[in-house]
Amino acid sequence: MAAPLLTGYILIMLFLAPRLLRAAGWTRRAPRLGIGVWIAACLSAVAAVCLVGALLVVPLLTVGHAIISLAMACGISLHHVSRTALSLAMDAAGVGVLAVIAVRILYATATVAWPQRRLRRRHAAALRILGRRHPTRDDILVVEHPVPAVYCLPTRRRMVVVSEGALALLDPPMLDAVIAHEHAHLRGHHYLITTITAVLARAFPRLPLFTAADDEVRRLVEMAADDSAARRTTPRTVARALLDLVAGQVPAPALGMAGVGAAERVRRLLAPSRPLSLAARYLAAAGAAALLLLPVAVPTVPALVDDATHCPPAAIAADVAAHAPRADLAAWHEHATEH
Amino acid sequence: MELFGDLEAEVMDRMWARVEPATVRDILEELQQARPIAYTTVMTVMDRLFQKGWLTRERVGRGYVYATTLTRSEYTARQLNEVLSGTDNRGMALLHFVRSMDAAEAEALGDALRWRAQEKGTD
């Protein structure tokens, strides 16, 4: 019963959800919520596949009881099940599913997240020697290079790097906007977020959910940072900084680097749409929470129902008292058994 | 480790500022004009800079003579090339304020860029 439902859910999440979320206009009006929903969808899909793997090995109720025990910080007692050829085959399949997911995520972390981190740290170490302080702003590192470049580094000593080429193009308000944008990246842990989606996209290539999430989250973190910069300065200042830096770029078509939706960002800043209504925000946040809770709820809700129907309250109290023999609970237990 | 970070930058500043190679004592004397500093500290820092490839050295007598391998701007260009050539998902995967863009993106921004040029004229 649970397995076909979960399989359907996984298929919807992997193939239909990315289409719907991509088409949804609201993510651009509330980029931070959008990021939350995309991440929740990815984690939910991975958790649901893991759950299917676990269900092949142990029954639904056992998984549910295990989660409840974990939540209550009690020891997990997996029910013993009789071993048959079929159950062994299911065990192997379930362990296989879990192993494939673990191995792919580890592989992607080793090939994406670690090398990127190593390169960034090496670069930051070089910039500590090459970079110069700005005469008036102590929160940026200036590098002597004519090409306009502005970026941040999430290393232990967080850095916002601005090239001399970029400094030459920006007036003080625009520089404020650019720095506010980069600080929003650092404060919002955007490196961590984009690393998660990049790892998942690498771990499970060709699955629309993960490739779309990586792409969209990358756009949305820029929009979230733009919004933050626009609040500290003005939307027009951020747009002006974007356009001036873009106009000052040496075209580099050979490298095939498309800016992350620069045109869309400028349009969004110059013609802002209505902010999302409070109700819509709550709805989106609730949706993200539901996505995260669903894979956990599938096994735990039946287990809780099972507990409630098969175990009278006194028995549960006895169980709790046995695990945590506290005086008040014991007294309550005695009281309960008297009646 | 972090202790030497700023000192490394300072030593490299001195090395780049001078034309000819330098011994530890040369740099020590320059640094001591600003504040007291131990010979062994400067020696350690210059040895680390050699290990990291920032400096080359040649044995002369009992000590070493150090020289820079690249000029400051050559080093900076090398670092920035790595930054500018990386794509969104490979290399360092940096979060840039804005990257250079392809033709389609530039086309899409055409109106906005013209608006900006006009506005600049009236600033």
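Take the conditions open to solvent by 50 Å² or more (accessible area, probe 1.4 Å), within 22 Å of residue A:121 (Cβ to Cβ) and without any contact (Cβ under 8 Å) to a residue 60 or more places away in the chain and apply them to residue B:6. Does it pass?
Details: open to solvent by 50 Å² or more (accessible area, probe 1.4 Å): yes; within 22 Å of residue A:121 (Cβ to Cβ): yes; without any contact (Cβ under 8 Å) to a residue 60 or more places away in the chain: yes.
Here the answer is yes, as residue B:6 does meet what is asked.
Condition first: assigned to a helix (DSSP H, G or I), touching a residue at least 40 places away in the same chain (Cβ under 8 Å) and over 14 Å from the mean Cα position of the chain (by Cα). Can you find one or more residues in region B:12-31 that meet it?
So in region B:12-31, the residues assigned to a helix (DSSP H, G or I) come out as B:12-17, B:24-31.
Pick out the ones that are also touching a residue at least 40 places away in the same chain (Cβ under 8 Å) and you get B:12, B:15-16, B:24.
In the following step, the residues that additionally are over 14 Å from the mean Cα position of the chain (by Cα) were identified as B:24.
Among the residues of region B:12-31, at least one is assigned to a helix (DSSP H, G or I), touching a residue at least 40 places away in the same chain (Cβ under 8 Å) and over 14 Å from the mean Cα position of the chain (by Cα), which makes the answer yes.
Out of (1) farther than 25 Å from residue A:44 by Cα; (2) more than 10 Å from every other protein chain (Cβ to nearest Cβ); (3) assigned to a helix (DSSP H, G or I), the odd one out for residue A:199 is which?
Among (1) farther than 25 Å from residue A:44 by Cα; (2) more than 10 Å from every other protein chain (Cβ to nearest Cβ); (3) assigned to a helix (DSSP H, G or I), the lone unmet condition for residue A:199 is (1).
Within region A:205-215, which residues are surrounded by fewer than 21 Cβ atoms within 10 Å (Cβ to Cβ) and of a type in the set (A, V, I, L, M, F, W, C)?
The first filter runs over region A:205-215 and keeps only residues surrounded by fewer than 21 Cβ atoms within 10 Å (Cβ to Cβ), leaving A:205-208, A:211-212, A:215.
Scanning region A:205-215 gives A:207, A:212.
Please enumerate the residues belonging to region B:70-115 that are open to solvent by 50 Å² or more (accessible area, probe 1.4 Å), at the interface with another protein chain (Cβ under 7 Å from one of its Cβ atoms) and part of a loop (DSSP other than H, G, I, E, B).
B:89, B:102 - these are the residues of region B:70-115 that are open to solvent by 50 Å² or more (accessible area, probe 1.4 Å), at the interface with another protein chain (Cβ under 7 Å from one of its Cβ atoms) and part of a loop (DSSP other than H, G, I, E, B).
So which residues in region B:45-68 are open to solvent by 60 Å² or more (accessible area, probe 1.4 Å) and of a type outside the set (Asp, Glu), if there are any at all?
From region B:45-68, those open to solvent by 60 Å² or more (accessible area, probe 1.4 Å) are B:50-52, B:56-62, B:64; that's our starting set.
Answer for region B:45-68, where residues must be open to solvent by 60 Å² or more (accessible area, probe 1.4 Å) and of a type outside the set (Asp, Glu): B:50, B:51, B:52, B:56, B:57, B:59, B:60, B:61, B:62, B:64.
Checking residue A:223 against (1) away from chain B (no Cβ under 13 Å); (2) assigned to a helix (DSSP H, G or I), which test does it fail?
(1)
Test residue A:121 against the stated conditions and say whether it is under 30 Å from residue B:52 (Cβ atoms), charged (D, E, K, R) and more than 19 Å from the chain's Cα centre (by Cα). Show your work before the answer.
Details: under 30 Å from residue B:52 (Cβ atoms): yes; charged (D, E, K, R): yes; more than 19 Å from the chain's Cα centre (by Cα): yes.
Spelling it out, residue A:121 is indeed under 30 Å from residue B:52 (Cβ atoms), charged (D, E, K, R) and more than 19 Å from the chain's Cα centre (by Cα).
Give me the pairs: first residue in region A:111-133 and touching a residue at least 40 places away in the same chain (Cβ under 8 Å) and over 13 Å from residue A:160 (Cα atoms), second residue open to solvent by 40 Å² or more (accessible area, probe 1.4 Å) and in a helix (DSSP H, G or I), beta-carbon distance under 7 Å, and six or more apart or on different chains, which are they?
A:111/A:202; A:112/A:202
Checking the conditions here, which among B:69, B:87, B:76 is free of Cβ contacts under 8 Å to residues at least 24 places away in the same chain, closer than 30 Å to residue A:114 by Cβ and touching an Asp or Glu at 6+ places or on another chain (Cβ under 7 Å)?
Working: B:69 fails: touching an Asp or Glu at 6+ places or on another chain (Cβ under 7 Å); B:87 fails: touching an Asp or Glu at 6+ places or on another chain (Cβ under 7 Å).
Going through B:69, B:87, B:76 in turn, just one is free of Cβ contacts under 8 Å to residues at least 24 places away in the same chain, closer than 30 Å to residue A:114 by Cβ and touching an Asp or Glu at 6+ places or on another chain (Cβ under 7 Å): B:76.
If I ask for residues that are β-branched (Val, Ile, Thr) and out of contact with any Phe, Trp or Tyr (no Cβ under 8 Å at 6 or more places or on another chain), which ones from region A:171-218 would you list? Outline the logic, then answer.
First, the residues of region A:171-218 that are β-branched (Val, Ile, Thr): A:178-179, A:193-197, A:199, A:211, A:217.
If the condition is that a residue be β-branched (Val, Ile, Thr) and out of contact with any Phe, Trp or Tyr (no Cβ under 8 Å at 6 or more places or on another chain), then A:179, A:193, A:194, A:195, A:196, A:199, A:211 are the ones that fit.
Restricting to region A:127-175, name every residue that is closer than 17 Å to residue A:229 by Cα, within 11 Å of chain B (Cβ to nearest Cβ) and charged (D, E, K, R).
A:171
I'd like the full set of residues that are within 22 Å of the chain's Cα centre (by Cα) and of a type in the set (Val, Ile, Thr), limited to region A:148-164. Break it down into steps so the answer makes sense when it comes.
Pass one, region A:148-164, residues within 22 Å of the chain's Cα centre (by Cα): A:151-156, A:158.
Result: A:155, single match.
The values are calculated or read from the model by the stated rules, or taken from the named source; none is laboratory data. Source: prediction; values computed, not measured. Positions of Cβ are backbone-derived with ideal geometry, glycine not excepted, and every protein chain shown enters the neighbour counts. Side chains are part of the model used for accessible areas, which takes the heavy atoms of the whole protein and leaves out ligands, DNA and RNA. Shrake-Rupley method; radii C 1.70, N 1.55, O 1.52, S 1.80 Å.
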